[in-house]
Every structure is written in C-alpha cells, then in structure tokens.
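The values are calculated or read from the model by the stated rules, or taken from the named source; none is laboratory data. Since we're looking at a predicted model, the values are computed, not measured. With ideal geometry, Cβ positions are generated from the backbone for all residues, glycine too; neighbour counts draw on all protein chains shown. Heads up: the accessible areas ignore ligands, DNA and RNA and are worked out on the full protein's heavy atoms, side chains in. Shrake-Rupley method; radii C 1.70, N 1.55, O 1.52, S 1.80 Å.
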Amino acid sequence: MTESDLIREEIAELEAQIFRIKGSMNRADNGVKLQKLAVITRLRDRCKKSLAALETHGAAA
C-alpha cells in the first residue's frame with residue numbers, strides 16, 4: 001500500500017467515527033461528544049490536507 005492509500009483509509013475511518021458520534025448526539029451528555037467530534041474532525045481535515053499535499057508532490061515528481 002502506498003502512503004496515499006493509507007491516508008485515505010485513515011480518512012474513511014475518521015469519517016465513520018464522525019458519523020457514529022453524530023448519530024448518538026440525541027442524548028443529554030453531548031458536551032464530551034462535541035469535544036471528541038471537534039478533535040476527530042480536525043484530525044480528518046489534517047489528513048485530507050496531507051493527502052492533497054502528497055498527491056500534489058507526487059504529481060510534480
């Protein structure tokens with residue numbers, strides 16, 4: 001597997017976690033879930049930026 005394949009796999013897992021957290025947000029204890037959602041979303045966004053940079057760098061090479 002290439003580095004970009006691994007990052008895509010990580011992005012897919014993070015998006016699945018985001019979907020699961022959003023699905024369970026109807027309960028009263030949303031403070032912790034909102035914090036976790038924010039952290040996972042930032043991590044996913046960083047992975048997407050890394051993937052874009054890797055693909056740009058790979059295309060330039």
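Report yes if some residue within region 36-52 is in contact with a Lys or Arg (Cβ under 9 Å, 6 or more places away or on another chain), open to solvent by 70 Å² or more (accessible area, probe 1.4 Å) and either without any contact (Cβ under 8 Å) to a residue 12 or more places away in the chain or of a type outside the set (D, E) (or both); otherwise report no.
Let us first name the residues in region 36-52 that are in contact with a Lys or Arg (Cβ under 9 Å, 6 or more places away or on another chain), namely 37, 47, 51.
Keeping just the survivors that are open to solvent by 70 Å² or more (accessible area, probe 1.4 Å) gives none.
There is no residue in region 36-52 that is in contact with a Lys or Arg (Cβ under 9 Å, 6 or more places away or on another chain), open to solvent by 70 Å² or more (accessible area, probe 1.4 Å) and either without any contact (Cβ under 8 Å) to a residue 12 or more places away in the chain or of a type outside the set (D, E) (or both).
Of the conditions (1) assigned to a helix (DSSP H, G or I); (2) under 30 Å from G58 (Cβ atoms), M1 fails just one. Which one is it?
So the condition that M1 fails would be (1).
Among E9, E55, which is the only one that is open to solvent by 50 Å² or more (accessible area, probe 1.4 Å) and within 11 Å of the chain's Cα centre (by Cα)? Outline the logic, then answer.
Numbers: E55 fails: within 11 Å of the chain's Cα centre (by Cα).
After ruling out the rest, the residue left standing is E9.
Within region 4-43, track down each residue that is among the acidic types (D, E) and closer than 27 Å to T56 by Cβ. Can you show your working first?
Of the residues in region 4-43, the ones among the acidic types (D, E) are 5, 9-10, 13, 15, 29.
Passing the criteria: D5, E9, E10, E13, E15.
Filter region 12-32 down to residues that are open to solvent by less than 50 Å² (accessible area, probe 1.4 Å) and at pLDDT 85 or above and give me whichever is nearest to the chain's Cα centre (by Cα). Step through it out loud before you land on a result.
Initial filter on region 12-32 (open to solvent by less than 50 Å² (accessible area, probe 1.4 Å)): 14, 16, 18, 21, 24-25, 30.
Going one step further and asking which of them are at pLDDT 85 or above, we end up with 14, 16, 18, 21, 24.
Working: L14: 4, A16: 9, I18: 8, I21: 13, S24: 18 Å.
Only one residue fits best here, namely L14.
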